[in-house]
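Below is one structure, written out as structure tokens; comments come after it.
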Amino acid sequence: MSNYDVKDFALREDLIDELKEFQDKFIFPQHDKKPVIYFTGNSLGLQPRSTRDAVLAELEDWGKYGVEGHFMASSPWFSYHEWFHQPAAKLVGALPGEVVVMNQLTSNLHFLMVSFYRPSPNRYKILTEAKAFPSDRYAVVSQIKFHGFDPKDALIEIAPREGKHTIDEEDINEAIALHGESLAMVFIGGVNYYSGQVFNMASITSWAHQVGAIAGFDLAHAAGNIELHLHDWQVDFAAWCSYKYLNSGPGGVAGAFVHQKHAHASHLPRFAGWWGHDKDRRFLMEPDFVPIGGAEGWQVSNAPVLSMAAHKASLEIFEQAGMQKLSKKGKKLSGYLMRLLDVLNEKHGMPFEIITPREEHRRGCQVSILVKKNGRQVFEKLTARGIIADWREPDVIRVAPVPLYNSFGDVYAFYEALDAILSD
Ligand SMILES: *Cc1c(COP(=O)(O)O)cnc(C)c1O
């Protein structure tokens, strides 16, 4: 591929890009008085221009109505979370009653595991991916210990095979079958945060169910990145955060999914709070808890409206763009980036290894690049040129060209910058 061809591809793709106009909906940090090229939407998404007004509107209503805002605000706070059922359901492929926006990601995982990790003396193991995001591992290990089991025995971690960076799904499935009836739960990140590997959640769920285990997923790197069909896949529970691909601000309110088949399972233990109580009777302040049917019944506290206002502004953008188009463009961007990295690898004597899977169904928009020599320096030189990527010790640069605000031209600019850095 000649240099002309690679550049021409970017120009052409940007011209015909249906999502091009969305870039203007976001605020870019500046570097040398120019907007940066921002490839860290997988870590903290950019701020939509509409967010400020959305948050200010709630502050305004609070000022205007005080406590009456619960019912008088333009979006009454009492039922604020209900707006999210439809858009959040579309995002993860769920029925509206299967999702709720509440708390934060790791908190949601704990609340959901209270209901869905119910170990018994014979069935108590949790199977997960090795090198999961630390918070997930902490959560799972602490749940195991909370129930009086020993993680050494109860935690099964599936690692990539020797010399590989991604996990063979066969190994997951085989391990599920092997541990069989001792397995209580399979819990995996739908998209691995480090390698960008996308797991076949439908298949893993089906393997888990065959041995009678629950299947749960952390969708921090999946929600807003790839298309999901949690309902059809029969996933039991899932949770995700809103501040990565979903652009809802640092520490923003999170999401949770509970499959319809569990929605009314009143025998499931849960940690209850008043916001999960029968809505018609919430303010009667009765002593006994009656859960709302569906995911809403897992709510504990009243809605953090300021954070939810930012989330609402962002999901309005997702509603306009549509997940199908976004996912398609995200994969195309990362595919293009991989091709350009191949060109550089050839030209500069193989300085990288791409650890993200090549196949379209096994990745989203993130590409993880293992830099064989001086990775940290390469990363810092990119930053100095106004290209914001993400560094993971000891040797990986994660680059996420996100479909809402990155262009093919951005990917080309990354390639040019990297070419110059390697030629130094
Ligand atoms: C980002 C991320 C988290 C962060 O958890 P919070 O509770 O939102 O702080 C947890 N797990 C995974 C897989 C993540 O990618």
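Computed values, structure above
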quantity	calculated
J(HN,Hα) series, the range 155-167, from Karplus relation 6.51 cos²θ - 1.76 cosθ + 1.60, nearest Hz, glycine and proline x	9, 9, 10, 9, 9, x, 5, 2, x, 10, 10, 10, 8
Whole-percent carbon and sulfur share, accessible surface of the range 54-321, 1.4 Å	55 percent
With Cα atoms, 0 to 90° folded angle of helix 201-210 axis to the chain main axis	40 degrees
Summed side-chain charge close to K381 - residues other than K381 whose Cβ falls under 14 Å, Lys, Arg +1, Asp, Glu -1	-1
Unit charges on C-beta of K, R, D, E only; dipole of the chain, Debye	480 debye
Convex hull (Cα only) mean projected area of the range 228-298, reported in nm² to one decimal	6.1 nm²
Top positive-direction residue, dipole computed over the chain with Cβ charges, set L230, F352, G41	F352
Per-residue [θ]222 nm for the chain (sum of -39500 (n - 2.57) over DSSP H runs n ≥ 4, rounded to 500)	-12000 deg cm²/dmol
Most to least packed among 81-91, 248-258, 414-424 [average Cβ atoms within 10 Å]	248-258, 81-91, 414-424
Total formal charge among the other residues, if their Cβ is under 14 angstrom from that of R282, Lys/Arg +1 and Asp/Glu -1	-4
Local electrostatic count at E319 - Lys and Arg +1, Asp and Glu -1, tallied over other residues with Cβ under 14 Å	+3
Residue-wise HN-Hα coupling along the range 383-393, computed from phi with Karplus coefficients 6.51, -1.76, 1.60 (Hz; x: Gly, Pro)	4, 5, 8, x, 10, 9, 10, 9, 9, 10, 4
3J(HN,Hα) from dihedral phi, the range 171-186, Karplus parametrisation 6.51/-1.76/1.60, rounded to Hz, x for glycine, proline	5, 5, 5, 4, 5, 4, 5, 4, 7, x, 6, 8, 8, 8, 7, 10
Cα-Cα over 31 Å, subset of K125/K312; K64/K329; K90/K373; K164/K244; K25/K131	K125/K312; K64/K329; K90/K373; K25/K131
10 °C / 1.306 mPa s Stokes-Einstein diffusion coefficient of the range 12-121, Kirkwood radius on C-alpha pairs, µm²/s	88 µm²/s
Euclidean distance between Cα centres, the range 214-228 to the range 66-121, Å	16 Å
Under-5 Å amide H pairs with D390, H placed in peptide plane, nonlocal only	R398
Relative packing of 212-221, 340-349, which averages over residues the other C-beta atoms within 10 Å, highest first	212-221, 340-349
Listed peptides 116-123, 262-269, 362-369, 405-412 by packing density, highest first (mean Cβ within 10 Å)	362-369, 405-412, 116-123, 262-269
Convex hull (Cα only) mean projected area of the range 268-403, reported in nm² to one decimal	13.1 nm²
Loop-resident sites, the range 3-64, for trypsin sites (Lys or Arg not before Pro), counting at most 16 other Cβ within 10 Å (DSSP)	K33, R49
For the chain, the fraction of alpha-carbon pairs in successive 10 Å shells from zero, as %	4, 21, 29, 24, 15, 5, 1, 0
Accessible solvent surface per residue of the range 54-321, calculated while the other protein chains remain in place, 1.4 angstrom probe, Å²	41 Å²
Antiparallel bridges, percent of DSSP beta bridges restricted to the chain (to nearest 5)	60 percent
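The values are calculated or read from the model by the stated rules, or taken from the named source; none is laboratory data. Since we're looking at a predicted model, the values are computed, not measured. Note that each Cβ is placed from the backbone with ideal geometry, even for glycine, and that neighbours are counted across all protein chains shown. For accessibility, only protein heavy atoms count, side chains too; no ligands or nucleic acids. Shrake-Rupley method; radii C 1.70, N 1.55, O 1.52, S 1.80 Å.
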